[in-house]
Amino acid sequence: MSKVKKRILCDYETSGTNHLFDQPLSFCAKVFDENGQEIDSIKTNCRMEKSRLPSPIALSINQYPLQNLLQAQSLRDMMVEINLFFTKHTPATIIAHNASFDFNFAHSHYFQSLVTDDWYQWKHNNHLICSLELLRAIYLFREKLDSIKIPSSRFGFPLFGLEAVSQENGIFYQSHEAEGDVNSLKDLYGLMINEAPEIVLLAQSCANKNEAKRIIND
């Protein structure tokens, strides 16, 4: 694969945590070029399918508007829109916080909505990086943190959730809202690059499966 120059930062807000039974409600992504300039974005949402029962806890956390639950576009139309957006910007490095969550919802609902047969679009000709795992790696391998502050629970355990880390570092966007979380991720990812550029570079290399195999073998 040729060198990937574009980065896509993205986030889903959902009706629950189970990608098989719950559904995406909103999505935001922003595309940045190799110089860090934003070159494209998408912000979209959909209504709740009548065959699904949303989690009251999820709706309480993400504060999804009742009007959108009832009157926004269909889930399938939203997934078609998202698929076209990623197709347009492939190849790219896709970055999400707790990426397995967003990845599972994206491709489960590509399948359920019969949008595309490319059910692993984020890994086909793209690189996928989980900023949550990257942050954990920086915390583990850096003896001293200069650019990033990691909050702790009342029991002294480090917290790596996007909302907690953002607030600890003075990043204040609306949390648990797709666009707000993408903006927080952008600022936090910049701090990670400043803190440990060599670890970020290694993560980008290892996002390519063949490159990861080569590094392990070496």
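Taken together, the values in this text are just the output of simple stated rules run on the coordinates, not laboratory data. These numbers come from a predicted model, not from an experiment. Cβ coordinates were reconstructed from backbone atoms using ideal geometry, including for glycine residues, and neighbour counts include every protein chain displayed.
If you place +1 on the Cβ of every Lys and Arg and -1 on the Cβ of every Asp and Glu, how big does the dipole about the Cα centre of the chain come out, in debye to the nearest 20?
Working: 21 positive and 26 negative charges, 64 e Å.
So the magnitude is around 300 debye.
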Kyte-Doolittle mean at least 0.0, axial Cα span of 18 Å or more - DSSP H helices of the chain = 75-89
Taking springs between alpha-carbon atoms closer than 10 angstrom, which of I82, I129, I61 fluctuates most in the Gaussian network model of the chain?
-> I61
Q73's amide H: which non-local residues (gap 5+, or another chain) put their own amide H closer than 5 Å, with H modeled 1.01 Å from N in plane and none for Pro or chain starts?
-> R47
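Which translational diffusion coefficient, to the nearest whole µm²/s, is obtained for the range 1-148 from the Stokes-Einstein equation, given a Kirkwood hydrodynamic radius over C-alpha pairs, 4 °C and 1.567 mPa s? Write down the numbers at each step before the final one.
Working: Rh = 16.4 Å.
Stokes-Einstein gives a translational diffusion coefficient of 79 µm²/s.
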Considering only G170, Q204, P151, whose Cα is most displaced toward the positive end of the charge dipole of the chain, charges sitting on Cβ of Lys, Arg (+1) and Asp, Glu (-1)?
-> Q204
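What's the magnitude of the charge dipole for the range 115-217 around its Cα centre, counting Lys and Arg as +1 and Asp and Glu as -1 at the beta-carbon? Answer in Debye, nearest 20.
On the way: 10 positive and 14 negative charges, 92 e Å.
Dipole about the Cα centre, nearest 20: 440 debye.
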Given the options L188, L20, L128, which has the most mean-square fluctuation in a GNM of the chain, springs set between C-alpha atoms less than 10 angstrom apart?
-> L20
Integer Hz, Karplus 6.51/-1.76/1.60 couplings in order for the range 62-71, x for Gly and Pro | 8, 6, 5, x, 4, 4, 5, 4, 9, 10
About its Cα centre, how strong a charge dipole does the range 1-53 have in debye, to the nearest 20, once Lys and Arg get +1 and Asp and Glu get -1 at the Cβ?
-> 100
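Per-residue ellipticity at 222 nm for the chain, helices alone: DSSP H runs ≥ 4 residues times -39500 (n - 2.57), over residue total, nearest 500 deg cm²/dmol? Don't jump to the answer; show the numbers that get you there.
On the way: 9 runs with 97 residues, N = 218.
So the helix-based figure for the chain works out to -13500 deg cm²/dmol.
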S41 long-range amide H proximity, modeled H, under 5 Å | V31
Sparse-neighbour loop sites [trypsin sites (Lys or Arg not before Pro); the range 90-187; at most 13 other C-beta within 10 Å; DSSP] = K144, K149, R154
Which cross-chain or sequence-distant (5 or more) residues have an amide H under 5 Å from the amide H of T93, H modelled 1.01 Å from N in plane?
-> K6, R7, I8, H127
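In the range 116-217, which chymotrypsin sites (Phe, Trp or Tyr not before Pro) are in a loop and have at most 15 other Cβ atoms within 10 Å, using DSSP for the loop call?
When the chymotrypsin sites (Phe, Trp or Tyr not before Pro) of the range 116-217 are filtered for loop state and at most 15 Cβ neighbours within 10 Å, W119, Y120, F155, F172 remain.
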Under the Karplus curve 6.51 cos²θ - 1.76 cosθ + 1.60, θ = phi - 60°, whole-Hz ³J(HN,Hα) for the range 148-162, x wherever Gly or Pro sits = 10, 9, 9, x, 10, 6, 5, 9, x, 8, x, 10, 10, x, 4
Among I39, I95, I171, the residue with the largest mean-square fluctuation in a Gaussian network model of the chain built from Cα contacts under 10 Å is I39
